[in-house]
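Quick note: the coordinates plus some simple rules give every number you see, no bench work behind them. What you see is a predicted model; the values in this text were computed from it and never measured. In this analysis, Cβ positions are derived from the backbone assuming ideal geometry, glycine residues included, and neighbour counts consider all displayed protein chains.
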Amino acid sequence: MGHAQLPVVPSGLGATMRPDRWWVQPAIVFLLLSTFIVYATWAAFQGEHYTHGPYLSPFYAPELFGASSHAWFGPRPAWWPAWLVFSPALLILPFPGIFRVTCYYYRGAYYKAFWADPPACAVGEPRKRYRGEAAFPLILQNVHRYFLYVALGFLFLLATDVYKAMWFTDPVTGPTSFGIGVGTLVLLANVTLLGGYTLGCHSLRHIVGGYLDQLSRFPARKRLYDCSSCLNRAHMRWAWTSLFSVAFADLYVRLCSMGVWSDWRIV
Ligand code: FES
């Protein structure tokens with residue numbers, strides 16, 4: 001078999017023979033993920049303006065304890081330490097957060113963008129030894145498949161929130177009636193994009209597709225595998241669009257609640 005003579009690639013951080021602007025993509029990823037992290041952290045600690053009428057911000061869903069009518073178990077629990085800031089989002093956000101942080105796509109993206117390991121393909125990295133994800137702490141990334149089950153539960157709950165966002169209570173006369181507002185569509189778009197992201201998860205393909213190293217013989221499982229694989233082909237796109245949509249849905253509910261934006265009723 002013939003083989004090409006390859007030149008020796010220079011080593012050291014950032015050293016490369018690539019003539020293109022390889023740093024653009026990691027720089028954009030760094031900027032976008034940093035912006036999201038800052039906004040999500042700020043929004044999670046606010047503890048207010050996360051509902052508007054039947055709408056509940058996805059950062060606060062499900063609201064286990066809280067002051068709004070969406071809360072499952074009533075107001076802030078007595079056992080919550082007085083010295084600790086209370087926000088309903090802090091009780092639930094770590095779960096979808098860990099699911100995203102351990103996602104195979106995001107791992108590849110933030111390893112490059114945040115700690116340059118490597119900064120891009122065929123570009124020199126800061127360390128000489130490669131340990132991959134086989135040792136602590138990165139071996140913990142393997143919890144992804146377990147957090148997938150949690151994420152599926154969240155997806156179901158967010159879908160029920162879209163249904164609840166179709167029932168408006170008249171603030172003066174009291175009765176509840178069916179309706180669709182712009183906020184309903186914002187929450188619907190968000191759960192659709194989150195669905196595309198979660199249902200195309202690599203781990204889900206393995207779970208529905210079969211066993212250790214073979215596809216299932218059951219046609220229904222093969223179909224599920226095909227559906228999940230189809231979504232998975234655009235996993236990066238679902239990852240980004242759902243990240244934007246979840247932040248925008250929170251922003252929409254927040255600004256409506258603060259009176260900055262008005263929610264238009266379509267139906
Ligand atoms: Fe991205 Fe599972 S691999 S969500």
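Non-local amide H neighbours of L93 (under 5 Å, H modeled in plane, Pro and chain starts lacking H): which ones?
none
With θ set to phi - 60° and the Karplus curve 6.51 cos²θ - 1.76 cosθ + 1.60, what are the ³J(HN,Hα) couplings of segment 49-54 in order, to the nearest whole Hz, using x for Gly and Pro?
Each residue of segment 49-54 in turn: 6, 10, 10, 8, x, x Hz.
What is the spin-label model distance, in nm, from L157 to A134 if the labels are put 7 Å beyond Cα along the C-beta direction?
3.8 nm
Show that you can apply the helix-only estimate: for the chain, add -39,500 (n - 2.57) for every DSSP H stretch of four or more residues, divide by all residues, and state [θ] at 222 nm to the nearest 500.
-16000 deg cm²/dmol
Using the Cα atoms as the points, what is the convex hull volume per residue of segment 114-247 in Å³?
Expressed per residue, the convex hull around the Cα atoms of segment 114-247 is 176 Å³.
Tell me, what ³J(HN,Hα) does each residue in segment 205-211 have, in order and in whole Hz, if you take phi through Karplus 6.51 cos²θ - 1.76 cosθ + 1.60 with θ = phi - 60° and put x for Gly and Pro?
Here the 3J(HN,Hα) series is 4, 5, 5, 7, x, x, 10 Hz.
Cα-based Rg of the chain per 2.2 N^0.38 Å, rounded to two decimals?
That ratio works out to 1.21.
Could you derive backbone 3J(HN,Hα) for segment 103-108 from the dihedral phi with the Karplus parameters 6.51, -1.76 and 1.60 (θ = phi - 60°), listing whole Hz in sequence and x where the residue is Gly or Pro?
Couplings: 4, 4, 5, 4, 4, x Hz.
Amide H of G210 versus every other amide H placed in the peptide plane: which residues, excluding those fewer than 5 positions away on the same chain, fall under 5 Å?
Placed amide hydrogens put S216 under 5 Å from G210.
Within 12 Å, Cβ to Cβ, of Y39, how many net charges do the neighbouring residues add up to if Lys/Arg are +1 and Asp/Glu are -1?
Cβ neighbours under 12 Å give a net charge of 0.
Assuming R0 = 35 Å, can you tell me the calculated FRET efficiency for the pair Q141 and V182, based on Cβ-Cβ distance, to the nearest 0.05?
Rounded to the nearest 0.05, the efficiency is 0.40.
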